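All remarks here apply to the structure that follows.
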Amino acid sequence: MFSLPQPSNEIDSGLPVLQMSEDAEIVRALITVLYPIPSELPVAYDRVLSLLATSQKYDMPPVQFSIRAEVSYRNLTAQTGEEAFRAYAIASRNRLSPETSTTAHLTLDYSMTIQSLGSELDELEGWALRDLTTFRKCRRDDILSCFESFLDVPNGPSKIWIGCPAAKASRPQTNQEPVLPQWLSKLFTDQTAKLRQTFTNPLIQPSSIRKQYLEALRDHTVYHKHLGSWEVCEFCARVHVRQGEEYCTELERRLELARDKVSPAYAF
């Protein structure tokens, strides 16, 4: 600390005063971590990252370890898009490697546009914004590949749905290629269309796809010409009862892997 450049030789009560750039909340929190008393970490996630940056600035690895352990125990995280992007700006600017990766993943839940970034755009260094954009595009592409694999009828997990009478009726008699039920095909093609449109939209949460799947299946019916009426598709209902849970779990698992993946060529 005393080796840092000082703007003036300020004296208070005959003692030299060392100016610190950190505010009172951060200094107080840092002191509570240093001593065997209950830690008083800031409530806001971005302020906790500022505290981590301060402990790194003053070369306090054990303090950083304690702060990270407390963050993990309390499950502290960004609550809004503004806070997520601010947290990424702080982490990247101060070279907090684990937090830069964590906060980059947090931003995937929010829009990434000039308007949504707002004042946080001024806090992001050029290389950090470039890396975040590259990271987001990679995650978008991986999720897109995930949905496309479920549209691969002969080889993908969706082959269990081959045989839906409504799907058979919708194709020409000369076409013997296996096809997915329209409700399932539409579910995935709608998602891929949105992903191809832009990378700036929030990326889909794995937990939300099951609800969309169930709603599409619920609305799926088959028209019987000889009866002149619509009925619930027994084939798709039977497949869902037998294998639907495993199918949804696998879809969620692959989406989660796509979102959490860090490309080998890309490191924060």
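Looking across the range 121-158, the residues that are modelled with pLDDT under 90, loosely packed, with under 15 Cβ neighbours inside 10 Å and in a helix (DSSP H, G or I) come down to Leu121, Asp122.
Across the range 94-119, the number of residues qualifying as over 11 Å from the mean Cα position of the chain (by Cα) and under 10 Å from Leu49 (Cβ atoms) comes to 4.
Report, by residue number, each residue of the range 101-120 that is buried (at least 17 other Cβ atoms within 10 Å of the Cβ) and among the acidic types (Asp, Glu). The answer is Glu120, and nothing else. Scanning the range 48-66 turns up no residue that is under 14 Å from the mean Cα position of the chain (by Cα), over 30 Å from Gln212 (Cβ atoms) and not assigned by TED's automatic domain parsing to the domain that holds Tyr213.
Of all residues in the range 209-232, none satisfies the criterion of being modelled with pLDDT of 85 or more and more than 28 Å from Leu144 (Cα to Cα). Candidates are the residues of the range 1-56 that are of a type in the set (S, T, N, Q) and surrounded by 10 or more Cβ atoms within 10 Å (Cβ to Cβ); the one that is modelled with the lowest pLDDT is Gln6. Among the residues of the range 37-47, the one identified as under 28 Å from the mean Cα position of the chain (by Cα) and either over 20 Å from Glu22 (Cα atoms) or among the basic types (Lys, Arg) (or both) is Arg47. The residues of the range 139-156 that are touching a helix residue (DSSP H, G or I) at 6+ places or on another chain (Cβ under 8 Å), over 19 Å from Arg259 (Cα atoms) and of a type outside the set (A, V, I, L, M, F, W, C), listed by number, are Asp152, Gly156.
The values are calculated or read from the model by the stated rules, or taken from the named source; none is laboratory data. Treat the numbers as computed from the prediction; the structure is a model and nothing was measured. All Cβ positions, glycine included, derive from the backbone under ideal geometry; neighbour counts span all protein chains shown.
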